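I have placed the structure first, in the form of structure tokens, so that the comments after it can refer back to it.
The values are calculated or read from the model by the stated rules, or taken from the named source; none is laboratory data. Every value quoted in this text rests on a predicted model; they were computed, and no experiment measured them. Methodologically, a virtual Cβ is constructed for each residue, glycine included, from the backbone with ideal geometry; neighbour enumeration extends over all protein chains shown. For the accessible areas, the whole protein counts, side chains as well, though only heavy atoms, and no ligand, DNA or RNA atoms are used. Shrake-Rupley method; radii C 1.70, N 1.55, O 1.52, S 1.80 Å.
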Amino acid sequence: MSSGNRSEAVDVQKSYEVRTYGCQMNVHDSERLSGLLEDAGYVRAPEGSDGDADVVVFNTCAVRENADNKLYGNLGRLAPMKTRRPGMQIAVGGCLAQKDRDTIVARAPWVDVVFGTHNIGKLPVLLERARVQEEAQVEIAESLEAFPSTLPTRRESAYAAWVSISVGCNNTCTFCIVPALRGKEKDRRTGDILAEIEALVAEGVSEITLLGQNVNAYGSDIGDREAFSKLLRACGTIDGLERVRFTSPHPRDFTDDVIAAMAETPNVMPQLHMPMQSGSDRVLKAMRRSYRQERFLGIIEKVRTAMPDAALSTDIIVGFPGETEEDFEQTMHAVREARFANAFTFQYSKRPGTPAADMEDQIPKEVVQERYMRLSALQEAISWEENKKQVGRTLDVMVAEGEGRKDGATHRLSGRAPDNRLVHFTKPDQDVRPGDVVTVEVTYAAPHHLLAEGAPLGVRRTRSGDAWEKRTAAAPEPAGVMLGIPGIGVPAPLPEAAVPGCGLG
């Protein structure tokens, strides 16, 4: 966009809103979209605008069976608003746009721009072109035009940040459409990754989460099977970087060198989210998952041996086509053996465009629901038992923003322990900011959080807290980007139906 156009946008203070659905990849892309729009002169619409903005961007997900119905329903609600607001523009991007490129404008002719997963950097140009030409612009790239991290970014946290290390996926899981929409895996240069992390730390960030659709396959482009473990160790040499997390790894690529790097690198947190999907070898084969239950549980055992205090979480799909009661019992057995601190469990639903959607022996919904309830009850009990083991422990909690919905009423603050457990704690007498670290003793455990009711044992003010304070003290920017940052090191709940890795890792 030309400098003249940018000045015009600033003069009239055009507003934008981004609505995000799906996994962390989409969330991180939305930070880029927000950065692009602000670089082009737009400002965020106030929180709760609900479409009352000059530009509304939908960053879509194609994972759910009814993803398209949800999108068109939302677009339909904006149609009369656009009629009443001359100059308003609507853009649709993300995985569903990549998949349904030819039908979005046909079904919703009031949409101005459709763009895909590979060309998010084109959004400002496409909006301007649609405005000048007064017709919809549909541009879907078939391959990545620029690695997303080269684009402007509006990060939602002053103290925690996503860092993409790869895009795309080389797996062929039968329930997943993401590789078809995100493309083959493309790795980023290690030097570029570390340079971005160092720049983020210089800005006050103290926690980063390495992102990839199959994050621990990093290095496949260059044929280095130990590239990911080397990257973790390199993160350990960055001064000021206190916490390193990553999501989502694949069991196939989870090698011993990665476990050793996690255990031996002090700022790599004792936390692992690794999708299991099923405990049945027969179902795993039908899913085209390249491991079996014994291999998965073997990895869990090795991780626990190297890091006894590690908190483990997973994704599980219930009711995959052809799943028998015996298959489901194998999943229950694996859950009992693994003793996850948390599990994101899903009832299987057809994902259009995937091989599993056309498989025979689709499981009746009532059977899937009954199995799902049994699994949820088992995992709830295990989560509670595992959390009770934390009572009496002293934890360093990084203060979060927006994690504790009842904090105001209970006079508490909330944050994340090193293993990513959510901790609510008594508010200290001294001023504490998001990004600061508070030392507490756990006094109570619930299935999904810990409680520290006594006075905090210590408070450490951090550069991240300084960064948060500086950002907050600056002229307040309107808040309204519906990002919903995932809870892996970043302080806000996931968007609706989103979990680490879309549940697809």
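The distance linking the stretch 170-241 with the stretch 370-431 is 28 Å (Cα centroid to Cα centroid, whole angstrom).
Relative to the globular-protein estimate of 2.2 N^0.38 Å, the Cα radius of gyration of the stretch 352-395 stands at 1.93. Extent along the principal axes, Cα only, for the chain: 62, 62, 47 Å, with the longest axis given first.
Between the stretch 92-129 and the stretch 291-347, the alpha-carbon centres lie 38 Å apart. Element breakdown for the stretch 24-106 at a 1.4 angstrom probe: carbon and sulfur atoms account for 47% of the accessible area. Ordering 279-285, 77-83 by mean Cβ neighbour count within 10 Å, with the highest value first, yields 279-285, 77-83.
Distant-in-sequence amide contacts of A62, defined by a placed amide H-H separation under 5 Å and a gap of 5 or more residues or a different chain, comprise C95, L96. When the inverse distances between all different Cα atoms of the stretch 432-474 are averaged and flipped, the Kirkwood radius reads 11.8 angstrom. Over the stretch 178-292, the ratio between the Cα radius of gyration and 2.2 N^0.38 Å evaluates to 1.14.
The fraction of accessible area contributed by carbon and sulfur in the stretch 108-204 is 50 percent, rounded to a whole number (1.4 Å probe; ligands and nucleic acids excluded).
Solvent-accessible area per residue in the chain equals 40 Å², computed with a 1.4 angstrom probe and all protein chains kept.
Pairs over the 18 Å Cα-Cα cut-off, from the set K70/K350; K99/K285; K184/K302; K406/K427: K99/K285; K184/K302. With the Kirkwood sum run over all distinct C-alpha pairs, the stretch 22-128 has a hydrodynamic radius of 14.1 Å.
Looking at the stretch 94-194, what % of the alpha carbon pairs are farther apart than 15 Å? Working shown, then result.
Numbers: 3478 of 5050 pairs.
The share of Cα pairs beyond 15 Å in the stretch 94-194 comes to 69 percent.
Apolar share of the accessible surface for the stretch 242-354: 49 percent from carbon plus sulfur atoms, 1.4 Å probe. The candidates R225, R154, arranged from most to least accessible area with a 1.4 Å probe in the full protein assembly, appear as R225, R154.
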